[in-house]
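Participant: I am attaching a structure below and will ask some questions about it afterwards.
Readers should treat all values here as calculations from the given coordinates under stated rules, not as data from a laboratory. Computed from a predicted structure; not experimentally measured. All Cβ positions, glycine included, derive from the backbone under ideal geometry; neighbour counts span all protein chains shown.
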Amino acid sequence: MEKQVYITEEERAACQRVVDAFVELYEMENIVVLDAGRYGFVELKYYKPPHGFEEDATFTDSKSLFDALWKEWYDTTLYLTAKEMRLDDILYEEVFKSLSKEKQTAIIGRKADLARKAGITL
């Protein structure tokens, strides 16, 4: 029986660049992205002992992986900001709107920085 490959070598290299670009995220949150060989890359989120990770997703293209990791980075950044501000309701859109224009620009600018590091065109 022939083994099927779900990701090209070109996409594997592109996905690895995306994974490397988001190294800061893995320290902020219980998230890890692993190379799963011919299956692509697997994102594991929210580790809870003794059962393991609560969520997982598999990616075979770098753009989808980038979008997923960007959303995690964005949400985590706003969550941590809300905690610092001691906000009770953590609605990401409201937290973002409450930030100064400079802080909003810095957060949005971070997406472009990460895309450049990952070799992704927005």
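Participant: Report, to the nearest 10°, how far helix 9-21 tilts away from the longest principal axis of the Cα atoms in the chain, using its own Cα long axis and a range of 0 to 90°.
Facilitator: Rounded to the nearest ten degrees, it is 30.
Participant: Next question. Please state the relative contact order of the chain as a whole percent: Cα pairs under 8 Å, 6+ residues apart? Walk me through the numbers before you get to the answer.
Facilitator: On the way: 130 pairs, mean separation 33.3, N = 122.
Relative contact order comes out at 27 percent.
Participant: Then there's this: Just list whichever of 71/97; 45/101; 63/117; 83/103 have alpha carbons separated by over 20 Å in the model shown.
Facilitator: Details: 71/97 17 Å; 45/101 31 Å; 63/117 13 Å; 83/103 16 Å.
From the list (71/97; 45/101; 63/117; 83/103), the Cα-Cα distance tops 20 Å for 45/101.
Participant: Could you pull out every residue, at least 5 positions away or on a different chain, whose amide H is within less than 5 Å of the one on residue 53? Hs are placed 1.01 Å off N in the peptide plane, and Pro or chain starts have none.
Facilitator: Amide H neighbours of residue 53: 48.
Participant: Right, here's the next one. With charges set only on the Cβ (+1 for Lys and Arg, -1 for Asp and Glu), what does the dipole of the chain come to about its Cα centre, in debye to the nearest 20? Write out the running numbers ahead of the final one.
Facilitator: Working: 17 positive and 24 negative charges, 66 e Å.
Dipole about the Cα centre, nearest 20: 320 debye.
Participant: What shape does segment 61-103 have by the C-alpha gyration tensor, where a ≥ b ≥ c are the square roots of the eigenvalues, rounded means a/c under 1.5, and otherwise prolate means a/b greater than b/c and oblate the rest? If you can, show how the numbers build up before the last one.
Facilitator: Working: a/c = 3.03, a/b = 2.11, b/c = 1.44.
Prolate.
Participant: Give me a comma-separated list of calculated 3J(HN,Hα) values for segment 106-122, in order, Karplus coefficients 6.51, -1.76, 1.60 applied at θ = phi - 60°, integers in Hz, x for any Gly or Pro.
Facilitator: Rounded to whole hertz, the list is 5, 5, 5, x, 4, 4, 5, 4, 5, 4, 4, 4, 7, x, 9, 9, 7.
Participant: I've got another one for you. When every alpha-carbon pair in the chain is counted, what percent end up more than 24 Å apart? Mind showing how you got there, number by number?
Facilitator: Working: 2636 of 7381 pairs.
Value for the chain (Cα pairs over 24 Å): 36 percent.
Participant: Run lengths n ≥ 4 of DSSP H only: what is the helix-derived mean residue ellipticity at 222 nm for the chain, with -39500 (n - 2.57) per run over all residues, to the nearest 500? Working shown, then result.
Facilitator: Numbers: 5 runs with 67 residues, N = 122.
Theoretical 222 nm ellipticity from helices: -17500 deg cm²/dmol.
Participant: Please give me the summed charge of the neighbours of residue 11: other residues whose Cβ is under 14 Å from its Cβ, Lys and Arg +1, Asp and Glu -1. If you can, show how the numbers build up before the last one.
Facilitator: Details: positive: 12, 17, 38, 63; negative: 9, 10, 35, 61.
Combined, the nearby Lys, Arg, Asp and Glu give 0.
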